[in-house]
């Protein structure tokens, strides 16, 4: 059986959590003070996911770049492929918050969306 110590990022408490597991079967989660910590710990040791934030180049805009993020979490092992896709993306102004910049990034089923408005120059 494997044991892993984590600092929970599910809420501001930052609980020190210990997870005992083997493969994808979790036997115990201790140290969390809420259900969010239990859920976070189980997912982190079996299928870790992250939200990715970055910027894309904007052509014809009043700003050169627009901040973006994945609309949901993506598998941790796809972060570098996602960043590569984002780094090779250019969008034309105007861009509005929530606009889809990349649909289904890297086959994850998750879109990359704009998080800032950029007007045409």
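Descriptive notes on the structure:
- Mean Cβ count within 10 Å, highest first, over the residues of peptides 83-90, 23-30: 83-90, 23-30
- Prolate/oblate/rounded label for the stretch 2-47 (Cα gyration tensor, a/c 1.5): prolate
- Beta bridges by DSSP in the stretch 53-114, antiparallel share as percent, to the nearest 5: 75 percent
- Converting the Cα gyration tensor eigenvalues of the stretch 28-77 into ellipsoid dimensions via √(5λ) gives semi-axes, longest first, of 36, 11, 6 Å.
- Report summary: the helix-based calculation at 222 nm, which adds -39500 (n - 2.57) for every DSSP H run with n ≥ 4 and divides by the residues of the chain, gives -5000 deg cm²/dmol.
- C-alpha long axis of helix 35-46 to longest principal axis of the chain, angle in °: 80 degrees
- Each listed q (0.16, 0.18, 0.21 Å⁻¹) maps to a log10 I(q)/I(0) for the chain from the Debye sum over equal C-alpha point scatterers, namely -0.79, -0.88, -1.02.
- Summary of packing: across the peptides 108-114, 69-75, the per-residue average of other C-beta atoms within 10 Å ranks them, highest first, as 108-114, 69-75.
- Computed over all pairs of different Cα atoms, the Kirkwood value for the hydrodynamic radius of the stretch 53-114 is 11.6 Å.
Bear in mind these aren't lab numbers, they're just calculated from the coordinates by the rules spelled out. For clarity, every value in this text was computed on a predicted model and none was experimentally measured. We place every Cβ from the backbone using ideal geometry, glycine too, and count neighbours over all the protein chains shown.
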